[in-house]
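Novice: One structure follows; several queries about it will come next.
The values are calculated or read from the model by the stated rules, or taken from the named source; none is laboratory data. In this text the structure is predicted, and so the values were computed from the model without any measurement. All Cβ positions, glycine included, derive from the backbone under ideal geometry; neighbour counts span all protein chains shown. Ligands, DNA and RNA are stripped out before the accessible areas are found, and what is left, the full protein with its side chains, is counted by its heavy atoms. Shrake-Rupley method; radii C 1.70, N 1.55, O 1.52, S 1.80 Å.
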Amino acid sequence: MQDKRVNISLTSGRSPRSLYKMMIPKVKDQEKFKDIQYYLFDDSPFNGEPYGGNWKEMQEIFFQEANIPEERIHITTLDNWETWDEEIKNAGGIDVMVIGLGYDGHFCGNCPRVTPLDSYTYCMKYADKQAENPSYGDRPNQPYSITMGPRSLMRVKHLVMIVNGDEKAEILKRMLDEPISEDNPSTILKLHPNLTIIADAEAAKYINLEDYKRI
């Protein structure tokens, strides 16, 4: 609602879909939100195309229905990832970023044992991820994975993590309890100065809030 440019970073996936359903009628064709710029923090471009599955999914679940013009949507590509953090910094930084929590502790494209915890935006071969964890599946049409790294997220002014479902209960508990490690990249997010976790009852079933007043 601020009368200035506001930079928002959104995620695809299952976790935020209810949020987008609520947002669409509120932002669609609203002149008062014309200064909002949207950023996508990761993608795996298809061969011969500038964008990949993240771009496509966000178009389907939010941008198209909300009538967000393409010039207000920004995403990492093979051409801009090396200057991506500088571009965001020059645009005033990300005011709020919405992310999910992966079943194995990944966030954005930052995955166990392949993510340098001291990295800004980086690009790596998707085969390297797949070799480390075959559950990611083989993606011959998407040879590269680009994502904002942990240091990039530390620059975000307000980081919001949405966690829902019984299958996320164990990893949420591990994120909060385990020491920071590359085996569970989400543990690094505890260092963020302004992190909000929104979890439903199923995802939070192992959490005793009294234990986390220090966090």
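Novice: Over its Cα atoms, what ratio of radius of gyration to 2.2 N^0.38 Å does region 100-156 give?
Specialist: Working: Rg = 11.2 Å, N = 57, 2.2 N^0.38 = 10.2 Å.
The value comes to 1.09.
Novice: Tell me what the chain gives for mean residue ellipticity at 222 nm when only DSSP H runs of n ≥ 4 count, each as -39,500 (n - 2.57), the sum divided by the residue total, rounded to 500 deg cm²/dmol.
Specialist: -5500 deg cm²/dmol
Novice: Then there's this: Using the Karplus equation 6.51 cos²θ - 1.76 cosθ + 1.60 (θ = phi - 60°), what ³J(HN,Hα) coupling, rounded to whole Hz, does each residue of region 117-131 give in order, writing x for Gly and Pro?
Specialist: Couplings: 5, 9, 9, 8, 4, 9, 10, 9, 5, 5, 4, 5, 5, 5, 5 Hz.
Novice: Give a residue-ordered list of calculated ³J(HN,Hα) values for region 60-70 (Karplus: 6.51 cos²θ - 1.76 cosθ + 1.60, θ = phi - 60°; whole Hz; x for Gly, Pro).
Specialist: Ordered by residue, 3J(HN,Hα) equals 6, 9, 8, 4, 5, 5, 8, 6, 7, x, 4 Hz.
Novice: Using a probe of 1.4 angstrom, how much of the accessible area of region 87-211 is carbon and sulfur, in percent?
Specialist: 51 percent
Novice: If each of residue 206 and residue 78 carries a label point 7 Å out from its Cα toward its Cβ, how far apart are those two points in nm?
Specialist: 4.0 nm
Novice: Where Lys and Arg each count +1 and Asp and Glu each count -1, what net charge lies around residue 22 among other residues with Cβ under 14 Å from its Cβ? Walk me through the numbers before you get to the answer.
Specialist: Numbers: positive: 17, 21, 26, 28; negative: 65.
Within the 14 Å Cβ shell, the charges total +3.
Novice: Amide H to amide H, which residues 5 or more places from residue 198 or on other chains are under 5 Å from it, using H placed in the peptide plane?
Specialist: Here 161, 162, 163 satisfy the definition.
Novice: What shape does region 53-115 take by its C-alpha gyration tensor, where a ≥ b ≥ c are the square roots of the eigenvalues and a/c under 1.5 counts as rounded, a/b above b/c as prolate, and the rest as oblate?
Specialist: Values: a/c = 1.79, a/b = 1.18, b/c = 1.52.
Oblate, since a/c reaches 1.5 and b/c is not below a/b.
Novice: So, one more: Of all accessible surface on region 11-61 at a 1.4 Å probe, what whole percent is carbon and sulfur?
Specialist: 50 percent
Novice: Let me ask you something else. Whole-Hz ³J(HN,Hα) for each residue in region 194-200, computed from phi via Karplus 6.51 cos²θ - 1.76 cosθ + 1.60 with θ = phi - 60°, x for glycine and proline: what do you get?
Specialist: Here the 3J(HN,Hα) series is 8, 9, 10, 10, 10, 10, 7 Hz.
Novice: Now a separate question. For region 34-86, run through the trypsin sites (Lys or Arg not before Pro) and keep only the ones in DSSP coil with at most 16 other Cβ atoms within 10 Å of their Cβ.
Specialist: Numbers: sites: 34, 56, 72; in loops: 34.
Answer by residue number: 34.
Novice: Can you tell me the length gained on complete extension of the stretch residue 132 to residue 90, counting 0.36 nm per residue apart and subtracting the Cα distance?
Specialist: The residue 132-residue 90 span can extend by a further 11.6 nm.
Novice: Under a 1.4 Å probe, what is the accessible area of region 80-196 per residue, stated in Å²?
Specialist: On the way: 5120 Å² over 117 residues.
For region 80-196, the solvent-accessible area averages 44 Å² per residue.
Novice: Grab every C-alpha pair in region 105-215, bin the distances at 5 angstrom width from 0 up to the longest one, and report whole percents.
Specialist: In order of increasing distance, the bins hold 2, 11, 20, 23, 19, 15, 8, 2, 1, 0 percent.
Novice: Charges only on Cβ, +1 for Lys and Arg, -1 for Asp and Glu: so what's the dipole of the chain about the Cα centre, in debye to the nearest 20?
Specialist: I would put it at about 580 debye.
Novice: Quick one: which residues, 5 or more positions from residue 52 or on another chain, have an amide H under 5 Å from its amide H? H modelled 1.01 Å from N in the peptide plane, none for Pro or chain starts.
Specialist: Here the answer is 44, 46, since their amide H atoms fall under 5 Å of that of residue 52.
Novice: Residue 41's amide H: which non-local residues (gap 5+, or another chain) put their own amide H closer than 5 Å, with H modeled 1.01 Å from N in plane and none for Pro or chain starts?
Specialist: 10
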